[in-house]
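The values are calculated or read from the model by the stated rules, or taken from the named source; none is laboratory data. Keep in mind it's a predicted model, so treat the numbers as computed, not measured. Ideal geometry is used to build each Cβ from the backbone, glycine not excepted, and the neighbour counts take in all protein chains shown.
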Amino acid sequence: MPMNSYPLPDDDAAELQQIAGCEMVDLLLPDMNGLLRGKRITRDALEKVYANGVCLPMSLIATDITGNTVEETGLGYDIGDEDRICRPVPGTLKIIPWQKKPMAQVLLGMEDGHGEMFEANPREVLKRVLDRFTAKGLTPVVAVELEFYLLDKTLHKDGRPKTSINPATGERNKTTQVYYMEDLNDYQGFTDAVTDACRAQHIPADTAVAEYAPGQFEINLKHRKDALLACDDSIMLKRVIKEVASQQNLLASFMAKPFVDQAGSGMHIHVSVLDKEGKNIFASTPEKPADTLRHAIGGMQKSSKDCMLMFAPHANSYRRFVLNAFVPLNDCWGFNNRTVAMRIPHSDEANTRIEHRISGADANPYLVTAAVLAGILHGLENKFDPGPPIVGNAYEQTEQRTLFWRDTIDDFMASDFITSNFGEKFRHIFGQQKQKEMRTFYTQVTTLEYEWYLRAV
């Protein structure tokens, strides 16, 4: 069929033509937890989806982590569990290379019932922040780093995870070898398959490293001048990693802290900002940091408490914030220093950037990036002073905060910053979703409680 006979954008039409014999298409809607929900349709139905959209329940955008409707959001029974039109995001149609039969996938965006994009859709939340940068003649450049564990697909009887069996040695991983090349060699079958899938889907994956725990790895994405695409990349990379792992009889997990005695998994956001001439407004040296760099950091500091729920959205997220684990315990900053929250990595002057290190790998990349960029804009507009950079061990020089899920939910729900930057509807829906998850979590009686209290009290 000629390319121009498709009611598809040119890029998507060209991509579809490359998938010979495509039989099925996955329609993927990222929800507020960053999970992909949607439908699988036949290839013959795809043109209709591009022309008219596809109906999905509005409640899908804010289901809890277990997939249940959160009635408190007002998107369930209160509106009769109404459908909303969801439309393909142009440029996101890609092959699914790991399926046995030729298949494609495409991201969806949800409308609000009036023909506009639903304002609480995470991708739309980020887009509105980016529109404010555009209005100022500024362009954020964003890259995402993702840490994760490769685990044994078979869990312990109590549901706890096991470290994976090393495919080269046949022995269970027990030791930590940071940046150890042999670990990468041992898992080359996995990393090669991820690389191939990323190449097929045009995901700009860059480096892979062995991280700070047995079976923990990190894959970095190249920077993008379009933050929406950078976050699309990270959502799709997560799917690639999980699917490739499953095919190799492994479980890939982005859980923030799967093992209490091992390192947690983070999601680091690298950001610089270009002006109308394409010059980096952060460009400077450690000896004389640019005012714009300092103000941006100051803005992220001022907004970090309000946005913490977006950085650490789950009960398990808070187990990651422990001493001496390369996880920031406050909002300090510094140059070439992995003990701070806002790190300025080593680079030449022109490529000066901020690495935001607070978020866990379990967070939604659209929401994290929206919060980071809104904080930067807050700082640029108000010229906040971030204080002096930390030199050396930040854990020994700064006050360490103890974070609690309930407190961050309360801070989020009471925040004028959240409402003014991301909208009242988003604040309500995301906040209610997390309150529901927290209430459900605390209804469970844990094994530790029985050990401590059953006989003792």
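Structure data summary
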{"read-out": "Pair list, Cβ < 8 Å and 6+ apart or interchain, from the range 134-146 residues that are touching a residue at least 40 places away in the same chain (Cβ under 8 Å) to residues that are crowded, with 20+ Cβ neighbours inside 10 Å and among the basic types (Lys, Arg)", "value": "Val141/Arg353; Leu146/Lys238"}
{"read-out": "Identity of the residue in the range 240-250, surrounded by fewer than 20 Cβ atoms within 10 Å (Cβ to Cβ) and assigned to a helix (DSSP H, G or I), that ends up farthest from the chain's Cα centre (by Cα)", "value": "Gln247"}
{"read-out": "Residue in the range 3-25 that is part of a strand (DSSP E or B) and not aromatic (Phe, Trp, Tyr) present", "value": "yes"}
{"read-out": "Residue satisfying all of: in the range 411-440; assigned to a helix (DSSP H, G or I) and among the small types (Gly, Ala, Ser); farthest from Arg132 (Cα to Cα) among these", "value": "Gly431"}
{"read-out": "Only one of Leu380, Leu329 that is part of a helix (DSSP H, G or I) and buried (at least 16 other Cβ atoms within 10 Å of the Cβ)", "value": "Leu380"}
{"read-out": "Residue that is surrounded by the fewest Cβ atoms within 10 Å (Cβ to Cβ), among those in the range 402-429 that are touching a Ser or Thr at 6+ places or on another chain (Cβ under 9 Å) and of a type in the set (Phe, Trp, Tyr)", "value": "Phe417"}
{"read-out": "So Ala370, is it buried (at least 19 other Cβ atoms within 10 Å of the Cβ), assigned by TED's automatic domain parsing to the domain that holds Val141, closer than 21 Å to Gln435 by Cβ and of a type outside the set (Phe, Trp, Tyr)", "value": "yes"}
{"read-out": "Residues (under 14 Å from Leu146 (Cα atoms) and at pLDDT below 90) located in the range 198-214", "value": "Asp206, Thr207, Ala208, Val209, Ala210, Glu211, Tyr212"}
{"read-out": "Residue list for the range 378-399, restricted to those being closer than 23 Å to Gly423 by Cα and touching a Pro at 6+ places or on another chain (Cβ under 9 Å)", "value": "Gly379"}
{"read-out": "The range 34-93, residues that are within 22 Å of His202 (Cα to Cα), out of contact with any strand residue (DSSP E or B) (no Cβ under 7 Å at 6 or more places or on another chain) and crowded, with 20+ Cβ neighbours inside 10 Å", "value": "Gly34"}
{"read-out": "Any hit, the range 282-292, residues being farther than 13 Å from Thr352 by Cα and in contact with a helix residue (DSSP H, G or I) (Cβ under 9 Å, 6 or more places away or on another chain)", "value": "no"}
{"read-out": "In the range 213-263, residue nearest to Asn185 (Cα to Cα) [restricted to those that are in contact with a strand residue (DSSP E or B) (Cβ under 6 Å, 6 or more places away or on another chain) and of a type in the set (Val, Ile, Thr)]", "value": "Ile219"}
{"read-out": "Total residues in the range 292-325, condition under 19 Å from Asp362 (Cβ atoms) and either among the β-branched types (Val, Ile, Thr) or touching a Phe, Trp or Tyr at 6+ places or on another chain (Cβ under 7 Å) (or both)", "value": "5"}
{"read-out": "Test set (1) surrounded by fewer than 20 Cβ atoms within 10 Å (Cβ to Cβ); (2) touching a residue at least 40 places away in the same chain (Cβ under 8 Å); (3) in a helix (DSSP H, G or I); (4) in the same structural domain as Asn316 (by TED's automatic domain parsing) - Glu399 fails condition number", "value": "(3)"}
{"read-out": "Flag if Ser253 is touching a Leu at 6+ places or on another chain (Cβ under 7 Å), hydroxyl-bearing (Ser, Thr, Tyr) and crowded, with 22+ Cβ neighbours inside 10 Å", "value": "no"}
{"read-out": "Residue that is surrounded by fewer than 20 Cβ atoms within 10 Å (Cβ to Cβ) and either among the aromatic types (Phe, Trp, Tyr) or more than 27 Å from Arg172 (Cβ to Cβ) (or both), where the choices are Ala208, Ala230, Ala200", "value": "Ala200"}
{"read-out": "Among residues of the range 314-326, those that are touching a residue at least 60 places away in the same chain (Cβ under 8 Å) and assigned to a loop (DSSP other than H, G, I, E, B), counted", "value": "6"}
{"read-out": "Set Thr195, Thr191: member being in contact with a helix residue (DSSP H, G or I) (Cβ under 8 Å, 6 or more places away or on another chain), modelled with pLDDT of 85 or more and in a helix (DSSP H, G or I)", "value": "Thr191"}
{"read-out": "Pick from the range 311-326, criterion in contact with a helix residue (DSSP H, G or I) (Cβ under 8 Å, 6 or more places away or on another chain) and farther than 19 Å from Arg406 by Cα, ranking: surrounded by the most Cβ atoms within 10 Å (Cβ to Cβ)", "value": "Asn324"}
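Let's see how each residue does on (1) farther than 24 Å from Asp112 by Cβ; (2) outside the structural domain of Ile96 (by TED's automatic domain parsing); (3) within 21 Å of the chain's Cα centre (by Cα); (4) not aromatic (Phe, Trp, Tyr):
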position: Pro7; (1), (2), (3), (4): no, no, no, yes
position: Cys22; (1), (2), (3), (4): yes, no, no, yes
position: Arg37; (1), (2), (3), (4): no, no, yes, yes
position: Ile41; (1), (2), (3), (4): no, no, no, yes
position: Cys55; (1), (2), (3), (4): no, no, no, yes
position: Glu72; (1), (2), (3), (4): no, no, no, yes
